[in-house]
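Below is one structure, written out as structure tokens, with a few remarks after it.
Readers should treat all values here as calculations from the given coordinates under stated rules, not as data from a laboratory. All figures in this text were calculated on a predicted structure; none of them were measured in a lab. When we count neighbours, we look across all protein chains shown, and the Cβ atoms used for this are built from the backbone with ideal geometry, even at glycine.
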Amino acid sequence: MTLDRFIDEVKRRRTFAIISHPDAGKTTLTEKLLLYGGAIRLAGSVKSRKTQKHAVSDWMEIEKQRGISVTSSVLQFNYNNYCINILDTPGHQDFSEDTYRTLVAADSAVMVIDCAKGVEAQTKKLFHVCKMRNIPIFTFVNKLDRAGKDPFELMEEIEQVLGIRSYPMNWPIGTDGNFKGVYNRIDNQIELFEGGNHGQSVVSSVSGEVSDPVFKDLLGEHLHKQLMDEIELLDIAGDDFDLNKILKGELTPVFFGSAMTNFGVQPFLESFLEITTPPLARQSNLGLIDPETQNFTGFVFKIQANMNPAHRDRIAFIRICSGKFEKGMAVNHVRAKKVIKLSQPQQFLAQDRAVVEEAYPGDIIGVHDPGIFNIGDTLCQDASKIKYEGIPVFAPEHFAKVFAKDSMKRKQFLKGVDQLSEEGAIQVFKRPHVGVEELIIGVVGVLQFEVLEYRLKNEYGVDIQMQQLPYKYIRWVETEKFDPDTFSITMDTLIVEDQDDKPVLLFQNEWSIQKVEERNKNAVLKDISSRN
Ligand code: GDP
């Protein structure tokens, strides 16, 4: 293959995650993007994942029946010569660390907001992880077919609550159940959609210059005047379009639409693909690595074990960062100092998983993991010992003491806990003078506790007992020398160590964090740590 073709392949990749608070419409929008990409024929064929949200037991059943839920982890399809990889952040009401880590593999994010609800709690959390990485963040304001907040009010809310400037790329024409179309600010075009079969297929539309008198007739005097006034207001009051700021994640382009009826989906998709970035260079111990470098490199951002007890295999998800991947290639596993052959790599096409012959930067491949990978591991083709920056360990918000009910099963218990922690499903902490005799498990979402209980029982035959602890905040302590016996804390604070024996504090309230900071001026308390 020529170098030119390789570079073309890299440049046409778009790898992004869709983030939202549950029920804002992430699944529906994903499905509609697949519909427009021609990857599915009738919307509705992406299985509803609704049941996962209601009860943990349902979720377990689904995972068990499917064996593994990888098909929903990443979807690849083509649209106009773009090759699109959508990383799905798990849709559980109760999300987990996985959700956060997936964002590390994305080059940009699409934030879906329900126009009636505005910016919700989970959107805020996910937004902040994207912001940390300075990746472009696009906003899709959804459910415009229904009554919702005023679009100006929504823009203001995004800016106030999230602290990011916004630029409406298009503007809705008709709201509150009377959504007729959008006005595209970049090319001054109006696009009116024609309703039909409840969004099951691509909608047709009429479009033209905003100045075309036909729109006065089509919209009616009142709506037309309202639109003209709003356009004027936007031009006077808003921020300017600034591609540079968008690419640095300082300005979010905002689109209005309705994923359910397909209104506004295609204008969003086309504009998003054009503006957003192809695979980004990544930071490593050897500096920034350009995706167009010939040396194949990638890192593991997610490990998923098979929930089916009959097959205990695990799949490691690798984000390709540079070079071309070819099936069967031998690569260096940098941390383990081993050469391994990636022989059955899989890729996840819109509906199936298939063995992949070749893949490019921006793509995600899944490889069978016989227990050799950790989250954050780097793979590379040459002997350069490159290591990508560690994937952050996110702050758990729930803690529990966990024991094996049967003390004879202690060995299996420790083995299971160890493995789940390597997968990144839980975080394990020890008390300084107590050690593994008493383990404290921390999780980002409480669902992870149930997964822990279920998997220890099913995969290791261990029944566990959990005792919830009152801690809500975690801080990693950075100081020259940490002595747990002399470090000054408040009564309700607990000192523990993480898997790498780094000192960690668990707090019940923010007041104590402040006190401890005041009393230990030489220490820095951080709410995020880094693996490796
Ligand atoms: P997710 O939890 O963010 O993945 O949300 P879903 O895509 O599952 O959507 C949640 C609910 O909102 C479902 O009942 C959808 O049918 C509905 N929904 C999604 N998009 C729209 C929309 O554009 N308009 C309306 N009225 N409902 C929508």
Alpha-carbon centroid distance for the pair the stretch 145-217 / the stretch 451-517, whole angstrom: 48 Å
Shape category assigned to the stretch 369-490 from the gyration tensor of Cα positions, a/c cut at 1.5: oblate
Contour excess over end-to-end distance, with Cα ends at His368 and Lys515 and 0.36 nm allotted per residue: 48.2 nm
Under 23 Å from the Cα of Lys180 - lysines, other chains or at least 8 residues apart: Lys26, Lys32, Lys117, Lys143, Lys149, Lys216, Lys225
Burial ordering of Lys32, Lys409, fewest other beta-carbon atoms within 10 Å first: Lys409, Lys32
Simple Cβ-charge dipole of the stretch 323-480, Lys/Arg +1 and Asp/Glu -1, about Cα centre, in debye nearest 20: 480 debye
Farthest positive-ward along the stretch 108-149 dipole, Cα basis, beta-carbon charges - from Met132, Ala147, Gln122: Met132
Sites matching GluC sites (Glu not before Pro) across the stretch 461-532 that sit in DSSP coil, with at most 10 neighbouring C-beta atoms within 10 Å: Glu480
0 to 90° range, to nearest 10: angle between helix 510-519 axis and the chain longest Cα axis: 60 degrees
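Can you compute the FRET efficiency between Phe152 and Lys411 using 1/(1 + (r/R0)^6), with r the Cβ-Cβ distance and R0 = 60 Å? Round to the nearest 0.05.
E(calc), rounded to 0.05, equals 0.45.
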Positive-pole candidate from Asn170, Phe263, Ser322, dipole of the chain, charges at beta carbon: Ser322
Whichever aspartates and glutamates have a C-alpha closer than 13 Å to that of Lys387, once near sequence neighbours (fewer than 8 apart) are set aside: Asp377
Percentage relative contact order, the chain, counting C-alpha pairs under 8 Å, at least six apart: 14 percent
Angle in degrees between helix 121-132 and the longest Cα principal axis of the chain, rounded to the nearest 10: 80 degrees
By average C-beta atoms within 10 angstrom, highest first, the peptides 382-391, 129-138: 129-138, 382-391
Gain in span if fully extended, Glu389 to Lys327, counting 0.36 nm per residue against the direct Cα distance: 19.8 nm
Label point distance in nm, Asp463-Asn188, each placed 7 Å from Cα along Cα→Cβ: 7.5 nm
Rounded to the nearest 20 debye, dipole of the chain from Cβ charges on Lys, Arg, Asp, Glu: 1980 debye
Where Cα atoms sit under 18 Å apart: lysine pairs in the stretch 414-521 separated by 8 or more or lying on different chains: 7
The chain: calculated mean residue ellipticity at 222 nm from DSSP helix runs of at least 4, using -39500 (n - 2.57): -7500 deg cm²/dmol
Extension gain, Glu159 back to Leu243 (0.36 nm per residue minus Cα-Cα distance, nm): 28.5 nm
